[in-house]
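A short reminder: the numbers here are calculations on the coordinates, not readings from a lab. The structure presented is a predicted model; accordingly, all values stated were derived computationally and were not measured. Every residue, glycine as well, gets a Cβ built from its backbone with ideal geometry; the counts of neighbours run over all protein chains shown.
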Amino acid sequence: MDVANKILILVRTTPLADVKKPTQGLSLFYTDLDRSIVKVTEIPKMGRCAVDSNVVFFEDWKVPREDLIGQEGDGFKMIMHGMNAERVLVGAEALGIGYAALRRASVYAKERVVFGRPIGQNQGIQHPLAECWMNLEGARLMIYLAGRLYDEGYMDGEYANAGKFMAAEAAFKAAERAVMTLGGMGYAKEYHVERYLREATLARIAPISAELIKCYIGQRVLGLPKSY
Ligand SMILES: Cc1cc2nc3c(=O)[nH]c(=O)nc-3n(C[C@H](O)[C@H](O)[C@H](O)COP(=O)(O)OP(=O)(O)OC[C@H]3O[C@@H](n4cnc5c(N)ncnc54)[C@H](O)[C@@H]3O)c2cc1C
């Protein structure tokens, strides 16, 4: 956003009072980012530094009608179309972080000798790493399933959400286990696993949090009353 001259915005074009559901009456625009009106301020954050995140302030910003994408009022529907794909993508990204963490932990556990033997020879080190591998592999299958269903045009979100949830949790556990396996060195930036732990945290929060995924599954899959 530091260098962008275009912005995609979802804005309310029909007042809430005039629609049946809050998701109606929203429109999507791809327009010039007019920095004389829009104030963009970067948010310093614990990870994902390759992509900046920003607070965006604007008031009385007039956007040309020809910058509207699709039909007026259909913006949320169009955003929804990309949501399952984004969950699969973020889940796959989390898996990559998890496997990278597990690889570093396994290499270190083979090399680091304490009390006369590699720490990886102890089941207290080995078993949690084996568990991490099983969690990651299970999540990988769910992500593949969700990706295949998306390619086939399946629009419901349970598998994309479940895949993202499982992958994020598995990646976070693997990264945390990697830090613990490396001990004091795990806390040092030099070995990268502290970075994996910070990066894996994001997948648990965005684009949808672990809690809200459970709300979705509870309501849409199990038929329980809406809880939020
Ligand atoms: C680095 C980064 C990049 C992002 N990029 C984008 C982006 O490009 N586009 C975009 O639209 N958004 C983006 N987001 C926003 C992201 O999708 C939200 O932060 C995320 O969905 C969580 O929403 P929230 O922050 O509003 O949390 P809140 O809704 O304020 O919730 C806070 C906490 O309470 C929990 N909670 C809330 N309600 C309930 C409930 N009923 N039951 C149980 N727990 C509950 C949540 O799970 C969460 O843990 C980004 C966020 C980050 C951190």
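Values as computed for the structure displayed
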read-out	value
Square roots of five times the Cα gyration tensor eigenvalues for segment 110-228, Å	34, 15, 13
Computed over segment 80-172, Cα set: Rg, Dmax in Å	16.5, 56
For GLY25, residues with placed amide H under 5 Å, excluding near neighbours	none
Estimated [θ] at 222 nm from DSSP helical runs (n ≥ 4, -39500 (n - 2.57)) normalised by residues in the chain, nearest 500	-17500 deg cm²/dmol
Scattering profile of the chain at q = 0.11, 0.14, 0.15 Å⁻¹ [log10 I(q)/I(0), Debye over alpha-carbon scatterers]	-0.72, -1.01, -1.09
Per-pair calculated FRET efficiency, R0 = 35 Å: ASP156 and ARG12 via Cβ, rounded to 0.05	0.85
Spin-label model distance (nm) - GLN121 vs PHE57, 7 Å beyond Cα toward Cβ	6.2 nm
Ranked list, fewest to most other Cβ atoms within 10 Å of each Cβ, for ILE97, ILE217, ILE37	ILE37, ILE217, ILE97
Rounded tilt (10° steps) of 123-151 against the dominant C-alpha axis of the chain	30 degrees
In Hz, Karplus ³J(HN,Hα) per residue of segment 83-93 (6.51, -1.76, 1.60; θ = phi - 60°; x = Gly, Pro)	5, 5, 4, 5, 5, 5, 4, 5, x, 5, 5
Least to most buried among PHE29, PHE165 (fewest other Cβ within 10 Å first)	PHE29, PHE165
Pairwise centroid distance, computed over Cα atoms, of segment 99-128 with segment 154-204, Å	18 Å
Cα point-scatterer Debye curve for segment 119-175, base-10 log of I(q)/I(0) at q = 0.14, 0.15 Å⁻¹	-0.44, -0.49
Cross-link partners of LYS189 among aspartates and glutamates (Cα-Cα below 16 Å; sequence separation of 8 or more within a chain)	GLU176, GLU199
Exposure proxy order (Cβ contacts within 10 Å, fewest to most) of THR181, THR14	THR14, THR181
ILE205-TYR228 FRET efficiency (beta carbon distance; Förster radius 22 Å; 0.05 resolution)	0.85
Pairs from LYS110/LYS173; LYS20/LYS62; LYS45/LYS110; LYS21/LYS164; LYS21/LYS62 whose Cα-Cα separation, in the structure shown, is over 31 Å	LYS45/LYS110
Translational D in µm²/s for segment 6-69 (Stokes-Einstein at 20 °C, 1.002 mPa s, Kirkwood Rh from C-alpha pairs)	155 µm²/s
Segment 23-73: relative contact order as a whole-number percent, Cα under 8 Å and 6+ apart	54 percent
Mean-position separation - Cα centroids, segment 43-74 and segment 1-21, in angstrom	8 Å
Positive minus negative residues near GLU86 (Lys, Arg vs Asp, Glu; Cβ under 11 Å)	+1
Using a Förster distance of 35 Å, the FRET efficiency for LYS45-TYR144 (Cβ separation, nearest 0.05)	0.70
